[in-house]
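Report on one structure; see the data block that follows.
Each reported figure results from applying straightforward, stated rules to the coordinates on display, with no laboratory input. The shown structure was predicted, so the numbers you read here are calculated from the model rather than taken from an experiment. All Cβ positions, even for glycine, are placed from backbone atoms using ideal geometry, and neighbour counts span all protein chains on display.
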């Protein structure tokens with residue numbers, strides 16, 4: 001089955017109020033072309049699950065997130081995402097669920113395996129339980145009788161991930177050093193949409209990486225979008241590194257309410273082709 005579609009077609013399958021998982025990690029291999037497509041749409045009231053980066057910052061700044069489930073929101077080389085900081089300080093996020101990184105992993109794993117929860121010691125003796133009073137503990141049924149945190153399954157209506165290569169059937173390949181949790185996001189979702197740097201024939205997936213680099217199997221993918229540069233301005237190693245000059249410009253504008261409208265107009269008011277052209281213009285300006 002040919003699952004190729006456009007980013008706008010993906011967003012057309014989403015709806016208000018959905019629980020949406022976004023793959024990648026911080027400012028690394030985020031499906032930014034799909035996030036920008038959401039910004040062009042009217043989608044709102046989303047519950048978003050993410051190891052957060054600029055995906056969360058942009059969606060929060062646009063008022064699209066009702067409930068955020070995350071372990072952090074960072075730009076990596078800039079410790080705290082500025083739009084997320086502003087949303088937290090102003091209280092514009094209706095609800096925030098803060099887990100540790102391992103707890104988020106377990107929530108996705110439980111959903112992928114269709115389990116109601118998975119137990120962990122993480123969170124015990126910490127403020128995780130205080131700031132998330134909905135979390136419950138369970139007692140081991142074995143002789144140890146240990147009390148453990150029961151991390152609830154993070155079941156997703158849809159997942160968005162970005163990988164280096166994919167075929168038209170939905171097999172997705174990463175070529176960088178880290179798979180992040182993209183396969184779990186897809187397996188935990190009712191529908192998963194994968195953007196990639198390049199669509200290739202299935203046989204060609206073995207030419208650039210090992211068999212184990214085919215991270216996401218076709219059975220867990222609903223649609224595939226060919227989006228060269230689709231993770232920009234985050235990294236998509238080895239295809240490209242993070243665009244640090246652009247990220248600095250983004251962070252500076254995001255931290256200054258008077259500067260953000262001009263940045264938004266320049267880079268986010270058009271379609272993906274307009275975005276790429278605006279980025280190219282910025283690079284040209286830097287070399288003059």
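Brief remarks follow.
- Placing a label point 7 Å from the Cα of residue 1 along the Cα-to-Cβ line, the residues of the range 162-187 whose backbone N sits under 14 Å from it are 168-171.
- Among beta bridges that DSSP assigns inside the chain, antiparallel share in %, nearest 5: 30 percent
- Residues within the reach of a label modelled at residue 137 (point 7 angstrom out along Cα to beta-carbon, backbone nitrogen below 18 Å), restricted to the range 106-124, are 118-124.
- Length-normalised contact order of the chain in % [C-alpha pairs under 8 Å, at least 6 apart]: 20 percent
- Structure-derived mean projected area of the Cα convex hull in nm² - corresponding label in (i) 16.2; (ii) 21.2; (iii) 13.4: (i)
- Sum of -39500 (n - 2.57) over DSSP H runs of 4+, divided by residues of the chain (222 nm, nearest 500): -9000 deg cm²/dmol
- Cα gyration tensor, the range 1-62 - rounded (a/c under 1.5), prolate or oblate: oblate
- Modelled spin-label separation between residue 248 and residue 98, with each label point placed 7 Å from Cα along the Cα-to-Cβ direction: 2.9 nm.
- Highest mean packing comes first when the peptides 17-27, 38-48, 202-212 are listed by Cβ atoms within 10 Å, giving 17-27, 38-48, 202-212.
- Distance between the C-alpha centres of the range 208-262 and the range 177-201: 13 Å, rounded to the whole angstrom.
- The range 105-150 shape via C-alpha gyration tensor axes, a/c threshold 1.5: oblate
- Once both labels are positioned 7 Å from their Cα atoms along Cα-to-Cβ, the gap between residue 237 and residue 114 label points is 3.7 nm.
- Counting DSSP beta bridges with both ends in the range 163-231, the antiparallel % (nearest 5): 35 percent
- Rg/Rh ratio calculated on Cα atoms of the range 121-243 (Kirkwood radius): 1.13
- Calculated FRET value between residue 199 and residue 39, using beta carbons and R₀ = 22 Å, to 0.05: 0.40
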